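**Q** Have a look at this one.
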Amino acid sequence: MKKDSVIKILFVETPVEDAEQIISLLRNGGIAVRPARATSTEEIQAALDELAPDIVLYDPVPAKLPLRDVAQQIEAHGRDFSLVALVAQMDNQVVADMFNAGVRGIAIRSQPKQLLTVLQREHEALQTRRQVRLLEAALRESERRADALLDSSTDPIAFVHDGMHVRANKAYLDTFGYEDFDDLLCLPVLDLISSSDAEEFKNLLRSHARNEKAAQHIELQARRSDGSSFPATVEFAHATFEGEPCLQIVFRRQQVDPQLVEQLQRDPVTGLYNRARTLEFIDDAVTAAAKGTKGQSLLLVEPDNWNGLIDSVGMGKADELLAAFANRVSGELGEDDVAGLLAEHTLGVVLRDRNDEAVKAWIAGLQQRIAGEIFDLGNQSITVSINVGGSLLGEKNANAELLLNQASQALRNVLSQGGGRVEVHDPAAREKADAERERYWLQLLQQALANDGFVLYHQHTISLQDAEGEYSEILLRMNGPQGEVLPGFFMPIAEQHGLSVAIDRWVLNKAIEILRARDGQGIHTTFFVKLTADSIQDATLLPWLGEQIRKAGLKNGQIVLEMTESKVVTLLRPAQEFVTGWKKFGGRFALEQFGSGLNSFQLLNHVDADYLKIDRSYMAQLPQHPENQKKIAEICHQAREMNRITVAEWVEDASSTSLLFACGVDFVQGNFLQEPQRLVN
């Protein structure tokens, strides 16, 4: 499931505390949640109408609403939902009864990982069902349009099943001299082929029918109904007619020069296939994998440090270098392998009939050959190493977009690790690869902490209510071998290995230094600084932070510490104690992703937050979602009554900014207003 997807969950009879824990579990797993809760038939109906949930999570313990009645109410609503039961423990008879009543999944309350897995699985299954329905509708529309195009085509086209005509367009009838398709209905297509070519045509037809590897076209003499003949090129393609597999056959009187077709499919610089043709080969490989073909893989191969190479040989030699590189790669291809140019200097290679070890051996051989050769470019001679990122192809990832994303991600990982490396995504070895990557990032993190290897950025938070001074969100980056790295790559690993507190202290220390410098320049500035869960629970952080602020002579409120609502709910007692202590130093606190829980304002009774950063899920295409505008206005109204300041993050456009002003939002922030900039004194 995509990490940025939103699961809409309706909790039925679930206690508020349990619901909040489940929401926190999902949010901590990187999954956004839009929740609602119902304890009566009327509330369920209202939630079904307003929220349109993806998952209905039913808790049978209170037993006020019978499961069968809930299932029938959901079924009567007409939408496709996933009904999941939340139980304390598994009981065979109870589970069987629940499934009979309409439940799709069983989640165990005391097993968070199992609960999370069930909810993710059911959401993915629901999305798949919905996507299948959309695809089926699109297929029907495509078939309708294809049928209309077939009739309007000037090319003679027929569909053949078991050697018999099942469909033919008017051009086909005219070409062979038939008035009506009924004359062709029980006529073998072989009767339209001259006797001299009949045997070859029959063998080719049989090979295509068996899905064997065969030529896609044949030149022959075609025979009309009056006995006359004409030269034609017959092209074959697999198709379906009324849901049944068949062959599409096109008779072309004028043959396109095969050499010209081949030339048009080639990249003029490298001589390899161009991007469009390479993507077609990838689609073919994916189709074959979906049908059970094994031993295929997609590799993205490019010269390491391409920009540095071009700087050394000159831009005028770039094409010559790329062509020489492509020639070395193509020299390693097998008979069934394919290579093409997918991007500026990235080659896409489809390997066939190779197991995992054979793929590794092929890459090692390519590395050795490239590294061992000298590229002569005019008066210059250079050596080149390669970056390889790829993915093994199997039935599980038999999707062209997914396969390309996996290969691209592998290549990005290679580049982030310094280049000149290889990474091939293998679903069967995912845990091992993740562990290796984790060790690498851990090493980088330790080096960054030891050598001051982090960088701070900031993004202005703009006041819509004319607040004085400058406000900015502090954003962290890490210097990596190939440039700056976003925290999404390294912070999860830092938290796993107990380094997050040290990183938080580094950020706070740098922020305080810059605030002191700005105060000296007469620039009143407020920084929003993120805090991790470990820092909230670190008893030594507040005394250290108070001392640093005292030494710097900062005013109260110049540092606003912030944490996500879901994490605060999970660590309510430590968060409450931390915020109380932080307030004694004159500090301020912000809740991020506010409004994502069932009753977010109730949290303010326990944690005294000054700023409420409204959950980003409300901002997506805000002008097109009046229900989100209404929710934001409600949050702002209630926040104003409680003397809290509201902030809208991830603002996308000017229209959203105007709507947020109308809703009463105090501050706005987003790339539309200002891209993050490097923070300097």
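**Q** Under a 1.4 Å probe, what is the accessible area of region 403-504 per residue, stated in Å²? Can you show the working numbers first?
**A** Numbers: 5040 Å² over 102 residues.
On a per-residue basis, region 403-504 sits at 49 Å².
**Q** Placing +1 on the Cβ of each Lys and Arg and -1 on the Cβ of each Asp and Glu in region 494-594, which of G587, V569, S500 has its Cα farthest towards the positive end of the resulting dipole?
**A** After comparing all options, I get G587.
**Q** Can you give the relative contact order of region 282-376 as a percent, counting alpha carbon pairs under 8 Å and 6+ residues apart?
**A** Details: 81 pairs, mean separation 35.2, N = 95.
Value for region 282-376: 37 percent.
**Q** Run the reach check for K202 against lysines, Cα to Cα strictly under 21 Å, same-chain hits fewer than 8 apart removed. What comes back?
**A** K213
**Q** Using +1 at the Cβ of each Lys and Arg and -1 at the Cβ of each Asp and Glu in region 103-231, identify which of A138, H165, L192 lies farthest towards the dipole's positive end.
**A** Of the candidates, A138 comes out farthest on the positive side.
**Q** Calculated from DSSP H runs of 4 or more alone, at -39500 (n - 2.57) each and per residue, what is the 222 nm mean residue ellipticity of the chain, nearest 500? Working shown, then result.
**A** On the way: 23 runs with 302 residues, N = 681.
Helices in the chain give a 222 nm mean residue ellipticity of -14000 deg cm²/dmol.
**Q** Using a 1.4 Å probe on the protein heavy atoms only, what accessible surface does D155 show? Give it in Å² to the nearest 10.
**A** For D155, solvent-accessible area is about 50 Å².
**Q** Now for a different question. Of all the accessible heavy-atom surface of region 135-187, with the other protein chains kept in place and a 1.4 Å probe, what percent is carbon and sulfur? Can you show the working numbers first?
**A** On the way: 1770 of 3210 Å².
That share works out to 55 percent.
**Q** Now a separate question. Per residue of region 233-248, what does 6.51 cos²θ - 1.76 cosθ + 1.60 with θ = phi - 60° give for ³J(HN,Hα)? Whole Hz please, x for Gly and Pro, Karplus curve as stated.
**A** The phi angles translate into 10, 9, 10, 10, 8, 6, 8, 10, 9, 6, x, 9, x, 7, 10, 8 Hz.
**Q** Can you match semi-axes √(5λ) of the Cα gyration tensor in Å to one of these, (i) 54, 32, 21; (ii) 56, 37, 23; (iii) 45, 33, 21, based on a calculation from the structure here?
**A** Read-out from the structure maps to (ii).
**Q** While we're looking at this one, here's another question. Roughly how many debye, to the nearest 20, is the charge dipole of the chain about its Cα centre, given +1 on each Lys and Arg Cβ, -1 on each Asp and Glu Cβ, and no other charges? Intermediate results must be reported in sequence, preceding the final value.
**A** Numbers: 68 positive and 97 negative charges, 425 e Å.
That gives the chain a dipole magnitude of about 2040 debye.
**Q** Related question: Return the sequence-ordered ³J(HN,Hα) values of region 218-226 in whole Hz as given by the Karplus equation 6.51 cos²θ - 1.76 cosθ + 1.60 applied to θ = phi - 60°, using x for Gly and Pro.
**A** 8, 9, 7, 9, 8, 10, 7, 5, 8
**Q** Another one. Given labels modelled 7 Å from the Cα in the Cβ direction, how far is it in nm from A137 to C186?
**A** Calculated label separation equals 4.2 nm.
**Q** Residue-wise, which Karplus ³J(HN,Hα) couplings in Hz belong to region 28-45, taking 6.51 cos²θ - 1.76 cosθ + 1.60, θ = phi - 60°, and x for glycine or proline?
**A** Computed from phi, the couplings for region 28-45 are 5, x, x, 10, 6, 10, 10, x, 8, 9, 9, 10, 8, 4, 5, 5, 4, 4 Hz.
**Q** Assign one of three labels to region 234-363, namely rounded, prolate or oblate, based on the Cα gyration tensor with a ≥ b ≥ c the square roots of its eigenvalues; rounded applies when a/c is under 1.5, prolate when it is not and a/b is larger than b/c, and oblate otherwise. Working shown, then result.
**A** Numbers: a/c = 2.88, a/b = 1.53, b/c = 1.88.
Because a/c hits 1.5 or more and a/b fails to exceed b/c, region 234-363 counts as oblate.
**Q** Work from the charge dipole of region 431-566 (Cβ charges, +1 for Lys and Arg, -1 for Asp and Glu, about the Cα centre) and give the residue of A511, M491, Y440 farthest towards its positive end.
**A** Selected residue: A511.
The values are calculated or read from the model by the stated rules, or taken from the named source; none is laboratory data. Keep in mind the model is a prediction, meaning the values are calculated, not measured. Backbone-built Cβ (ideal geometry, glycine too); neighbour counts: all protein chains shown. Ligands, DNA and RNA are excluded from the accessible area calculation, which covers all protein heavy atoms including side chains. Shrake-Rupley method; radii C 1.70, N 1.55, O 1.52, S 1.80 Å.
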